[in-house]
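Chemist: Dumping the structure here so I can ask a few things about it.
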Amino acid sequence: TIFHTLVKAKMLYGTSAVTEGSLGTIGVVVEDQQGGNQGFGECGRVDLHKKRNCCCMCCFNCTQPGNIGEMMVIYGTPTGNSLSRTCIIGPDWVCTAIAMALFIGPGVVWVKLVAFKLHVVMGFFGALILVVTVVSFALTSFSDPGMVLKQPVLKENSSTDGLLACTRCNIYRKPGTIHCSECDICIEGLDHHCPWTGKCIGRKNILYFRVFLGMVCVFLIAVVASVIVYGSVEM
């Protein structure tokens with residue numbers, strides 16, 4: 001049972017704190033004997049790894065999905081109060097799927113029926129633009145925007161003086177860290193919540209987002225220019 005698993009975890013790793021996670025899942029924080037936070041996550045079952053001291057959804061070697069706030073974490077390795085090597089789907093994933101289809105579908109048609117018919121160089125150039133656009137969009141949509149992991153209790157110490165507390169996440173927010181009500185998680189360097197990427201744009205994915213915006217502009221210019229040239233040649 002979960003109770004016996006937690007008792008066993010406490011005996012192996014030290015103290016463990018349990019809190020109710022989102023969507024009926026369970027969040028676990030495991031601390032070592034020195035009181036250091038070894039990892040936090042939310043998962044449908046408690047499965048603590050002896051070497052990594054983290055719950056299954058947070059372990060890079062275990063890809064069982066879980067939720068942090070409204071985010072669905074496919075995999076991720078806990079690093080302090082954040083995750084590294086992540087694949088995260090935001091709450092607006094339907095919009096992300098629609099946007100991806102709108103880029104890939106018409107983009108492939110344009111490259112095949114317009115760009116390559118104009119010139120082979122234009123065809124490869126158009127394909128390159130499309131690939132970079134889709135990849136930058138995917139990196140924006142599936143990477144960590146800068147989540148600060150939720151904690152079971154709000155801990156005060158000298159380093160939290162002057163910082164604002166987030167009672168939803170039980171953390172003290174550094175300057176520039178803002179709680180997103182859509183994602184239900186605090187985001188470092190929050191710029192805005194973008195429904196088309198499915199999640200927030202924050203410190204860790206804003207570079208991908210800027211590359212994506214630049215490539216969209218280049219892509220649209222290339223499409224309009226090539227269609228005009230193709231139309232004049234056909235006439």
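Chemist: For Thr140, work out the one condition from (1) of a type in the set (Ser, Thr, Tyr); (2) under 25 Å from Phe103 (Cα atoms); (3) surrounded by fewer than 20 Cβ atoms within 10 Å (Cβ to Cβ) it doesn't fulfil.
Modeler: (3)
Chemist: Determine, yes or no, whether Val94 is loosely packed, with under 15 Cβ neighbours inside 10 Å, at pLDDT 95 or above and within 18 Å of the chain's Cα centre (by Cα).
Modeler: Values: loosely packed, with under 15 Cβ neighbours inside 10 Å: yes; at pLDDT 95 or above: no; within 18 Å of the chain's Cα centre (by Cα): yes.
Considered against the rule, which asks whether it is loosely packed, with under 15 Cβ neighbours inside 10 Å, at pLDDT 95 or above and within 18 Å of the chain's Cα centre (by Cα), Val94 comes out as no.
Listed here are the residues, each with its yes/no results for (1) buried (at least 17 other Cβ atoms within 10 Å of the Cβ); (2) of a type in the set (A, V, I, L, M, F, W, C); (3) not in a helix (DSSP H, G or I).
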position: Leu128; (1), (2), (3): no, yes, no
position: Val131; (1), (2), (3): no, yes, no
position: Lys150; (1), (2), (3): yes, no, yes
position: Cys183; (1), (2), (3): yes, yes, yes
position: Leu190; (1), (2), (3): yes, yes, yes
position: Phe209; (1), (2), (3): yes, yes, no
position: Cys217; (1), (2), (3): no, yes, no
position: Leu220; (1), (2), (3): no, yes, no
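Chemist: How many of the residues in the stretch 183-235 are over 17 Å from Phe142 (Cβ atoms) and touching an Asp or Glu at 6+ places or on another chain (Cβ under 7 Å)?
Modeler: 1
The values are calculated or read from the model by the stated rules, or taken from the named source; none is laboratory data. As the structure is a prediction and not an experimental result, all values here were calculated from the model. Using ideal geometry, Cβ is built from the backbone for each residue, glycine included, and neighbour counts are taken over all protein chains shown.
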